[in-house]
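For reference, the structure is listed below as structure tokens.
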Amino acid sequence: MIDLRIVPVTPFEQNCSIIWCTRTHKAAVVDPGGNLERIRAKAEELGVTIEKILITHGHIDHAGATAKLARELGVPVEGPQEEDRFWIEGMPQQSKMFGFPDVESFEPDRWLHDGDTVTIGDETLKVIHVPGHTPGHVAFFHADGRVAIVGDVLFAGSIGRTDFPKGDHATLLRSIRQKLFPLGDDVTFVPGHGPTSTFAEERRSNPYVGDHA
């Protein structure tokens, strides 16, 4: 089994997630954009040991504190897909653009691809390549737990922006409709910002990508 807690970080209130295996108490931090003291305090409160960092995409509010956290904890970084390399290499420029404190770029220990898997303790999550918001964006899906972490691809009542470099609106819609929705209406998803929702609810009511869009 897995469990998950959301830790909002950065001025953008980005949904960093701590997800862990309930048997081993081994955990991953997904998208540590900033506020590391908040993330580490929550992990300590939960009684879990962070064993890796998972990244959905290379935007600063999702990945800005990755290099520092990986170095402090001595843990590997997995993700995103390599098409986001230019975003990660440009992390210092992103910090100036968005008014963030200076941040470091990093090289993931493992670039991820569609169909790969990542492990957290005894649990396995499927990697789904979902480009559109960024070209190398990935989502993480735990089939048994019926939960997905989808970053900035899909939100409750909205979808990700596509006006960034190498973003593409048609590609984003395909990612949602052909990669995420087929995972099942009962799947709860954690977006990059805002409240959680289900694929059923977004299929029914999301004005951008629902059945009546």
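Every number here is computed from the coordinates shown, using simple stated rules; none is lab data. Here the structure is a predicted model, which means the values were calculated and not measured. Virtual Cβ from ideal backbone geometry, glycine too; neighbours counted across all protein chains shown.
For the chain, a simple Cβ point-charge model (Lys and Arg +1, Asp and Glu -1, everything else neutral) yields a dipole of about 180 debye relative to the Cα centre.
Counting only DSSP beta bridges with both residues in the stretch 2-205, the antiparallel share comes to about 70 percent.
Which FRET efficiency value, to the nearest 0.05, is calculated for Asp185 and Ser158 with the Förster distance at 25 angstrom and r the Cβ-Cβ distance?
Values: r = 19 Å, r/R0 = 0.75.
Once the sixth-power term is evaluated, E becomes 0.85.
Taking other Cβ atoms within 10 Å as a rough exposure proxy, Val130, Val75 sort from fewest to most as Val75, Val130. Scattering from the stretch 52-179 was approximated by placing one identical point on each alpha carbon and applying the Debye formula without solvent; log10 I(q)/I(0) at 0.12, 0.15, 0.17 1/Å stands at -0.44, -0.68, -0.87.
Taking the Cα centre of the stretch 1-103 as origin, sum charge times position over the Cβ atoms of Lys and Arg (+1) and Asp and Glu (-1), and report the length of that vector in debye to the nearest 20. Don't skip to the answer; put the middle values down first.
Working: 11 positive and 15 negative charges, 56 e Å.
For the stretch 1-103, the charge dipole is close to 280 debye.
Using 0.36 nm per residue and subtracting the Cα-Cα separation, the extra length available between Glu107 and Glu201 on full extension is 30.2 nm. Percent of Cα pairs in the stretch 1-99 per distance bin of 5 Å, from zero to the largest separation: 3, 14, 25, 26, 18, 9, 4, 1, 0.
In summary, the stretch 105-185 shows an alpha-carbon radius of gyration equal to 1.11 times the 2.2 N^0.38 Å reference for compact globular proteins. Run the quick spin-label model on Thr117 and Glu44: label points 7 Å from Cα toward the beta carbon, then report their separation in nm to one decimal. According to this spin-label approximation, the distance is 3.5 nm. Reported to the nearest whole Å, the Cα centre-to-centre distance from the stretch 98-123 to the stretch 157-213 is 22.
The helix-only estimate of mean residue ellipticity at 222 nm for the chain, built from DSSP H runs of length n ≥ 4 each weighted as -39500 (n - 2.57), is -6000 deg cm²/dmol after division by the residue total.
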